[in-house]
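Enquirer: Let me begin by handing over the structure; questions about it come next.
The values are calculated or read from the model by the stated rules, or taken from the named source; none is laboratory data. What you see is a predicted model, and the numbers here were worked out from it, not measured in a lab. Quick reminder, even Gly has a Cβ in these numbers, built from the backbone with ideal geometry, and neighbours come from all protein chains shown.
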Amino acid sequence: MALRAFLILLCLLSVAARAAVPPSPAVASAHPLATDAGMAILAAGGNAFDAAIAVAAVLAVVEPAGSGMGGGGFWLLHRAADGYQTMIDARETAPAAATATLYQDADGNVVRDRAINGPLAAAIPGQAAAFDHLAREYGALPLRRSLAPAIDIARKGFPVSERYRTLVGMRAEVLRRDATSAALFLRNGEIPAAGTLIRQPELAATLERLARDGRDGFYRGPVATQLVNGVRAAGGIWTLDDLANYRVIEREPVVVELGDARLVTSPPPSSGGLALAQTLLMLKQFNNGDIDSALRPHLTVEAMRRAYRDRAEFLGDPDYVNIPMAELLSPRHIAQQASSIALDRPTPSLSLGTPLEQPKGTHTTHFSVLDGDGNRVAATLSINLPFGAAFTPAGTGVLLNNEMDDFSAKPGSPNAYGLIGTEANAIAGGKRPLSSMTPTFVEWPDRVALLGTPGGSRIISMVILAVQEARAGKPVEQWVARQRYHHQYLPDQVEVEPAFLGSLEARQLQSRGHELVSTGRAYGDMHVILWDREHGTTAAADPRGEGKAAVDAPLPMEHPAAAYAP
């Protein structure tokens, strides 16, 4: 026993020695202006939670295709002082008047246009409430200080990039339906030229009211009245009570021990944490996770297949649906799922059960923040499809989400992607739609990783692949750059980035009978931070996007948007 105690002491001393390198402040986000804003807030004495507000607020201005004040999301937090970890659920909620048949015509057919375009598609936003909650409960600075960079950029404008042009092109036709949105995000009804400044003075005014009055500046008073009047005038069903009654919810993260690491990830109504944990636990069933590289892609796909099916069958808003989380993560269930995987061939998905929905939103945003005390945030935010519902209530500058399409518009019937939904995710007033957003921490004794990505249903598989890279000791640049593949139970094929085709991993999958289908384009926009207690802090932004990662390089509070013009 004395020897064992001595060895434990040596181990603890070794870990303590490695902890000599404190964390360096770091931000990785989808836009340089947002990263700079976060670093500036850290330099001004803010903590990671203040910086997260600044980053998200600037993204709401400069990345309207992905997130915004008209949307919501999940914020995974770690407070260094006491080790407290929580997820702030700022997911949108269905208006009280929403019903299970909201998007069906008189014959019971789903009218998809209603669910994705215009104000009827919009759920009640959670972004403003998240800002207020973070500032009051966790921040070191007043909300007005953290929102200042976003207000400045909204008023002065940001330059159109090629990425903006691509995304606005996907929704230009729908944006033209709403005069306010068209005036903001198009130019004479067309895609703006690169370098065009997009100014949003009404959004600046909305953010100023939020900065001054807190959540009441958005969910009550003049802004709330403008939002509701605009929505209802165009056929929506919001009420002032819907806004006044909105609340963020703090939820206990999903925590799973993987042997070498501890996974801390998002709980329902995110489906991502469960699917991520299940996949990694299933892989652990094979030689305790020490899997030959030639077999790993096949086993990863097969584990994804089973995790995505459980996701579709059992998950929804935990305040409305009884989710058997303990059973789904139990050793018995994980072992049973893994035992059905053949080593030499794929399992036909339909042999595992009936078809189930796997929605595929196409754009979101993710960022990671670490401060010098070790506080950290991984946040994934969304308005669903690019530019959300493509509707902006006049006078507010708030582009609304179309997250109502994340519900099952008609359980038992195909959604926009030809997939089938279940009652667990049916529409109900006040309910939060199921999401794939998966902000995640991976913790080892000597280091911690912060990661996440946009990408709809592919979010989960991207995070799985990145966690595998992290656990293999690869540098952060490889986590975000690695070629990606995805399986989501149905359709029964492996979706892959074009660059993945012809790779060794692709050949390994094909040799075992998997059908590979190119997505036609690269996907995802991952932003990660690694704090290694021995070697310091590193961060990386996905090369597929226009984002920026910065470590310990604070900027002044001024944010010259023109500096980023082409």
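Enquirer: Is it the case that the stretch 186-209 has a residue that's closer than 24 Å to ALA115 by Cβ and either in contact with a Phe, Trp or Tyr (Cβ under 6 Å, 6 or more places away or on another chain) or outside any helix (DSSP H, G or I) (or both)?
Expert: For the stretch 186-209, residues closer than 24 Å to ALA115 by Cβ and either in contact with a Phe, Trp or Tyr (Cβ under 6 Å, 6 or more places away or on another chain) or outside any helix (DSSP H, G or I) (or both): present.
Enquirer: Something else about it: Could you list, in sequence order, the residues of the stretch 435-479 that are assigned to a loop (DSSP other than H, G, I, E, B), within 16 Å of the chain's Cα centre (by Cα) and either among the small types (Gly, Ala, Ser) or surrounded by fewer than 19 Cβ atoms within 10 Å (Cβ to Cβ) (or both)? Show your work before the answer.
Expert: Initial filter on the stretch 435-479 (assigned to a loop (DSSP other than H, G, I, E, B)): 436-439, 445-446, 452-457, 472-475.
This time we only want the ones that are within 16 Å of the chain's Cα centre (by Cα), so: 436-439, 452-457.
Answer for the stretch 435-479, where residues must be assigned to a loop (DSSP other than H, G, I, E, B), within 16 Å of the chain's Cα centre (by Cα) and either among the small types (Gly, Ala, Ser) or surrounded by fewer than 19 Cβ atoms within 10 Å (Cβ to Cβ) (or both): SER436, GLY452, GLY455, GLY456, SER457.
Enquirer: In the stretch 464-479, what count of residues is obtained for those that are touching a Lys or Arg at 6+ places or on another chain (Cβ under 8 Å) and of a type in the set (A, V, I, L, M)?
Expert: 2
Enquirer: Another one. Looking only at the stretch 512-554, filter to residues that are assigned to a loop (DSSP other than H, G, I, E, B) and of a type in the set (A, V, I, L, M); which one of those is farthest from PRO439 (Cα to Cα)?
Expert: ALA553
Enquirer: Restricting to the stretch 157-185, what's the tally of residues that are outside any loop (DSSP other than H, G, I, E, B) and surrounded by fewer than 16 Cβ atoms within 10 Å (Cβ to Cβ)?
Expert: 8
Enquirer: Moving on. Among ASP113, ASP89, which is the only one that is of a type in the set (D, E, K, R), surrounded by fewer than 20 Cβ atoms within 10 Å (Cβ to Cβ) and on the phi < 0 side of the Ramachandran plot?
Expert: Criteria check complete, one pass: ASP113.
Enquirer: Looking at ARG507, ARG512, which is the one that is touching a residue at least 60 places away in the same chain (Cβ under 8 Å), more than 30 Å from HIS78 (Cβ to Cβ) and out of contact with any Ser or Thr (no Cβ under 9 Å at 6 or more places or on another chain)?
Expert: None of the others qualify; the one that does is ARG512.
Enquirer: Which one of these is part of a loop (DSSP other than H, G, I, E, B) and surrounded by fewer than 24 Cβ atoms within 10 Å (Cβ to Cβ): ALA96, ALA129?
Expert: ALA96
Enquirer: What number goes with the only condition from (1) under 22 Å from the mean Cα position of the chain (by Cα); (2) not in a strand (DSSP E or B) that ASP241 does not pass?
Expert: Going through (1) under 22 Å from the mean Cα position of the chain (by Cα); (2) not in a strand (DSSP E or B) one by one, ASP241 breaks only (1).
Enquirer: From the list LEU147, LEU141, pick out the single residue that is within 14 Å of GLY46 (Cβ to Cβ) and outside any helix (DSSP H, G or I).
Expert: Answer to the selection: LEU141.
Enquirer: Report yes if ARG544 is surrounded by 15 or more Cβ atoms within 10 Å (Cβ to Cβ), among the charged types (D, E, K, R), more than 13 Å from ALA28 (Cα to Cα) and touching a Lys or Arg at 6+ places or on another chain (Cβ under 8 Å), otherwise no.
Expert: On the way: surrounded by 15 or more Cβ atoms within 10 Å (Cβ to Cβ): yes; among the charged types (D, E, K, R): yes; more than 13 Å from ALA28 (Cα to Cα): yes; touching a Lys or Arg at 6+ places or on another chain (Cβ under 8 Å): no.
So ARG544 fails the test.
Enquirer: Filter the stretch 1-55 down to residues that are small (Gly, Ala, Ser), outside any helix (DSSP H, G or I) and modelled with pLDDT under 50, then give me how many there are.
Expert: 1
Enquirer: Within the set of pairs 6 or more residues apart or between chains, which connect a residue that is farther than 25 Å from MET404 by Cα and among the hydroxyl-bearing types (Ser, Thr, Tyr) inside the stretch 80-93 to a residue that is at pLDDT 95 or above and outside any strand (DSSP E or B) with Cβ atoms less than 6 Å apart?
Expert: That search, which allows pairs on different chains as well, returns nothing.
Enquirer: Here is a further query. Does any residue in the stretch 288-309 that is over 12 Å from GLN508 (Cα atoms) come within less than 6 Å, Cβ to Cβ, of a residue that is outside any loop (DSSP other than H, G, I, E, B) and β-branched (Val, Ile, Thr) six or more places away or on a different chain, and which pairs are these?
Expert: Short answer, once both residue conditions are applied: ALA303/THR279; MET304/THR279; ALA307/THR279.
Enquirer: A follow-up question, please. Hey, can you tell me all the residues within the stretch 545-566 that are modelled with pLDDT of 95 or more and either among the hydroxyl-bearing types (Ser, Thr, Tyr) or under 21 Å from ALA193 (Cα atoms) (or both)?
Expert: Listed by number, the residues that qualify are GLY545, GLU546, GLY547.
Enquirer: Just a yes or no: is a residue in the stretch 381-401 under 30 Å from THR537 (Cα atoms) and touching a strand residue (DSSP E or B) at 6+ places or on another chain (Cβ under 7 Å)?
Expert: yes
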